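Participant: Pasting in a structure now, in structure tokens, and then I'll have a few things to ask.
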Amino acid sequence: MPQARFAFPKGFLWGCATASHQVEGGNTNNNWYAWENEPGRILFDQKSGKACDWWAGRWKEDFDRAAETGQNAHRLSIEWSRVQPEPDRWDENAIDAYREMIRGLLDRKMVPMVTLHHFSDPLWLCERGTWENEQTPELFARYVRKIVEALKDLVNLWITINEPNIYTYGGYLNGGFPPGKNDLKAAFKVFYHMLKGHSLAYKIIHDLQPEAQVGIAPNYRSFVPARPWLPLDSAVANLLSASYNDAFPNATRTGKLKFAFQSADIPEAVGTLDFFGINYYTRDLVKFALKPNQLFNERYFPPEAVQSETGFIANVPDGFRDGLRWAAKYRMPIYVTENGIEDAKDSLRPSYLVEHLHQVWQLANQNVPIKGYFHWSLVDNFEWERGWTQRFGLWGLDVDTQKRIRRPSVDLYEAICKQNAIHSEVVQRYAPQSFNRLFPE
Ligand code: NOJ
């Protein structure tokens, strides 16, 4: 059989992404802990509990796993409620614990990418209205200053806010995330304040650390009109894309936030990105519907696409290509800050992984400056309102015993990371269903 090889740029970062509340365990001082303790909020009322037990030190064994299998980077987040348990108190021990964790990455020759806000907020902030409060951007900025002062000798790559669009949709439009509202006005406020918080954070990070690289990690969802010949479907697909995908990053170019029929000036956001992060999972077909509260649409997965175990994600690598092209419009280095699939049996993950990486390779070789890829995730972790029902890890997790289960995708990802390339024989071996798609006759 002829051999082929899709080579990635020299110095490409290969890693996984995680978030504090999802992996640390024992986070009892944030909005998600409170949410988990309200009956009916999380599927089967499951709790994060010990999660992956990282706070007790199990990050060490998981970082070993990552490093031994060829990963040279890792994206993790800092838990605001740990380092600032009360408005007027910093927990220096918690900050030291993060220093140790990040040092743990550097010792393993892995580049850290650090997210400052990944969905969870301290309880004291919730009492003050979380991101609906106009003082929150300043409060966030104080926390960012504290963290950057403490970690700047160890970290160069910063993400200010993870998925502000999902945070806002989940918490203020569809109600699945805390505080469970359905209120377009509040959603706009939250989005606007997050953008303000991001802009302040950008400036603080650069004041403290001029060489730092700062970005965001928006969720990109590919929205395609279900009936391309019907102008109404195209109109709602565009509206959705403009509000969901474009609103936040566009404001960093235009100084104007436009979101779901509302808009506001925010000149301080201009020029506040050094790189562009993208979290991509899936694509939707969009149909016009008379539902004003849902931005006049109905959505469903392309019927021909294979779906993940619980139907949360459809495998549509073409949507990823759209996303990477969209990111490329911002003309800055790009990191894939998340991409992955829930698949306890690991039956779809190998195909999903190689087919999505194939898109990264294609664009990188068309001179799109993609610098790294962070798979979601390293080990199964607490999947927010879906609890433990979805398993995104390369390694599985037995939550009760904390035993890690090595899935076949580990070997596949290891081969790719170590070779900095996708070899045809690796695809043949681990994802034979994708072979013809990647290497057509
Ligand atoms: C994106 C979020 O950033 C992450 O926290 C979540 O677990 C994954 N999507 C998978 O749903």
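Participant: Which ³J(HN,Hα) values, rounded to whole Hz and listed in residue order, are derived for segment 354-360 from phi using the Karplus coefficients 6.51, -1.76 and 1.60 in 6.51 cos²θ - 1.76 cosθ + 1.60 with θ = phi - 60°, glycine and proline given as x?
Facilitator: 5, 5, 6, 5, 4, 5, 4
Participant: Treat each spin label as a single point 7 Å out from the Cα along the C-beta direction, and report the residue 261 to residue 128 distance in nm.
Facilitator: Using points 7 Å along Cα→Cβ, the separation is 3.3 nm.
Participant: Just how far, in whole angstrom, is segment 19-74 from segment 261-286 if you go by their alpha carbon centroids?
Facilitator: Answer, in whole Å: 27.
Participant: Of 243, 159, 197, which is farthest along the charge dipole of the chain in the positive direction, counting Lys and Arg as +1 and Asp and Glu as -1 at C-beta?
Facilitator: Checked the options; the winner is 243.
Participant: Here's something else I'd like to know. Over the alpha carbons of segment 49-152, what is the largest minus smallest coordinate on each principal axis, giving the biggest first in Å?
Facilitator: 45, 30, 23
Participant: Long-range amide H contacts for residue 375: which residues qualify at under 5 Å (H placed 1.01 Å from N, peptide plane, sequence gap of 5 or more or a different chain)?
Facilitator: 15, 16, 17
Participant: Output wanted: per-residue J couplings in Hz (rounded whole) for segment 140-150, from phi through Karplus 6.51 cos²θ - 1.76 cosθ + 1.60, θ = phi - 60°, x for Gly and Pro.
Facilitator: Taking θ as phi minus 60°, the curve returns 4, 4, 5, 5, 4, 4, 4, 5, 5, 4, 6 Hz for segment 140-150.
Participant: Suppose only helical runs count, i.e. DSSP H with n ≥ 4. What mean residue ellipticity at 222 nm does that imply for the chain under -39500 (n - 2.57) per run, divided by all residues and rounded to the nearest 500 deg cm²/dmol?
Facilitator: Mean residue ellipticity, 222 nm, calculated: -11000 deg cm²/dmol.
Participant: While we're looking at this one, here's another question. For the chain, give the magnitude of the charge dipole about the Cα centre (Cβ charges: +1 Lys/Arg, -1 Asp/Glu; no others), in debye to the nearest 20.
Facilitator: I would put it at about 1000 debye.
Participant: Calculate, in nm to one decimal, what residue 289 and residue 45 gain on full extension: separation in residues at 0.36 nm each, minus their alpha carbon distance.
Facilitator: So the chain would gain 84.6 nm between residue 289 and residue 45.
Participant: Ranked from highest to lowest mean number of other Cβ atoms within 10 Å per residue, what is the order of the peptides 405-415, 177-187?
Facilitator: Per-residue mean Cβ counts within 10 Å order the peptides as 405-415, 177-187.
Participant: Using the C-alpha atoms of the chain, what convex hull volume per residue, in cubic angstrom, is computed?
Facilitator: Each residue corresponds to 136 Å³ of Cα convex hull volume.
Participant: Return, for the Cα atoms of segment 199-279, the radius of gyration and Dmax in Å, separated by a comma.
Facilitator: Rg, Dmax (Cα atoms, Å): 15.5, 52.
Participant: What pairs from 203/258; 189/329; 345/403; 185/258; 10/371 go past 20 Å between their alpha carbons?
Facilitator: 203/258; 189/329, as the Cα separations exceed 20 Å there.
Participant: Could you compute the FRET efficiency for residue 429 and residue 99, with r as their C-beta to C-beta distance and R0 at 35 Å, rounded to 0.05?
Facilitator: With R0 = 35 Å, the Cβ-Cβ based efficiency is 0.30.
Participant: DSSP loop trypsin sites (Lys or Arg not before Pro) in segment 299-373 with at most 16 other Cβ atoms within 10 Å of their Cβ, which ones?
Facilitator: The qualifying sites are 329, 331, 345.
Participant: Okay, moving on. Tell me which GluC sites (Glu not before Pro) from segment 242-346 have a DSSP coil assignment and no more than 16 other beta carbons within 10 Å of their own.
Facilitator: Taking segment 242-346 and a limit of 16 other Cβ atoms within 10 Å, the loop GluC sites (Glu not before Pro) found are 304, 309.
Participant: Work through the residues other than residue 125 whose Cβ is under 11 Å from its Cβ and net out their charges, Lys, Arg +1 and Asp, Glu -1.
Facilitator: Cβ neighbours under 11 Å give a net charge of -3.
Participant: Any idea of residue 159's accessible area? Nearest 10 Å², probe 1.4 Å.
Facilitator: 0
Participant: Something else now. Counting only residues 5 or more places away or on other chains, whose amide H sits under 5 Å from the amide H of residue 282 once H atoms are built in the peptide plane?
Facilitator: Result for residue 282 returns 222.
Participant: If you don't mind, there's one more thing I want to ask. For segment 285-427, with equal point scatterers placed on the C-alpha atoms only and solvent neglected, what are the log10 I(q)/I(0) values from the Debye formula at q = 0.12, 0.17, 0.21 1/Å, to two decimals?
Facilitator: Here log10 of I(q) over I(0) equals -0.58, -1.06, -1.34.
Participant: Moving on. Which of the chymotrypsin sites (Phe, Trp or Tyr not before Pro) found in segment 236-281 are loop residues per DSSP with 15 or fewer other Cβ atoms within 10 Å of their Cβ?
Facilitator: Taking segment 236-281 and a limit of 15 other Cβ atoms within 10 Å, the loop chymotrypsin sites (Phe, Trp or Tyr not before Pro) found are 261.
Participant: Right, next: Please list, ordered by chain and number, the residues whose modelled amide H lies under 5 Å from the amide H of residue 115; skip anything fewer than 5 residues away on the same chain.
Facilitator: It is 76, 77, 78, 159, by chain and number.
The values are calculated or read from the model by the stated rules, or taken from the named source; none is laboratory data. Everything quoted here is computed from the prediction, not taken from an experiment. So basically every Cβ, Gly included, is an ideal-geometry build from the backbone, and we count neighbours across all protein chains shown. All accessible areas refer to the heavy atoms of the entire protein, side chains included, with ligands and DNA or RNA removed. Shrake-Rupley method; radii C 1.70, N 1.55, O 1.52, S 1.80 Å.
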